[in-house]
Amino acid sequence: MKVVVDLSRCQGYAQCAFLAPDAFRMHGEEALMYNPKPDDVQREQVLRAAAACPLQAILVDQLEGQDAPAEASP
């Protein structure tokens, strides 16, 4: 799983920090710090946190088990 937060969009509502404190945390009142590669144990919390973001600033890419499709040879 890979997490990217658009920090220019983030307004520091901290919903993510409440829902997934091991992956997201506030540094001061406005700065969000996050783990870009949380482990699978945190999956459900991270997905809930991304869904709860009022500005949809959190993008979660679930990488495992998703191999790129093989390209056809000409």
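FYI, it's all coordinate maths here, none of it is from the lab. The structure displayed is predicted, hence computed values, not measured ones. Quick reminder, even Gly has a Cβ in these numbers, built from the backbone with ideal geometry, and neighbours come from all protein chains shown.
Between Leu32 and His27, the built amide H atoms are under 5 Å apart, and every one of these is 5 or more places off in sequence or on another chain.
Applying both filters, DSSP loop and at most 11 other Cβ atoms within 10 Å, to the trypsin sites (Lys or Arg not before Pro) of segment 1-53 gives Arg9.
In sequence order, segment 17-30 has phi-based couplings of 5, 6, 7, 9, x, 7, 10, 10, 8, 8, 10, x, 8, 10 Hz under the Karplus curve 6.51 cos²θ - 1.76 cosθ + 1.60, θ = phi - 60°, and Gly or Pro positions carry x.
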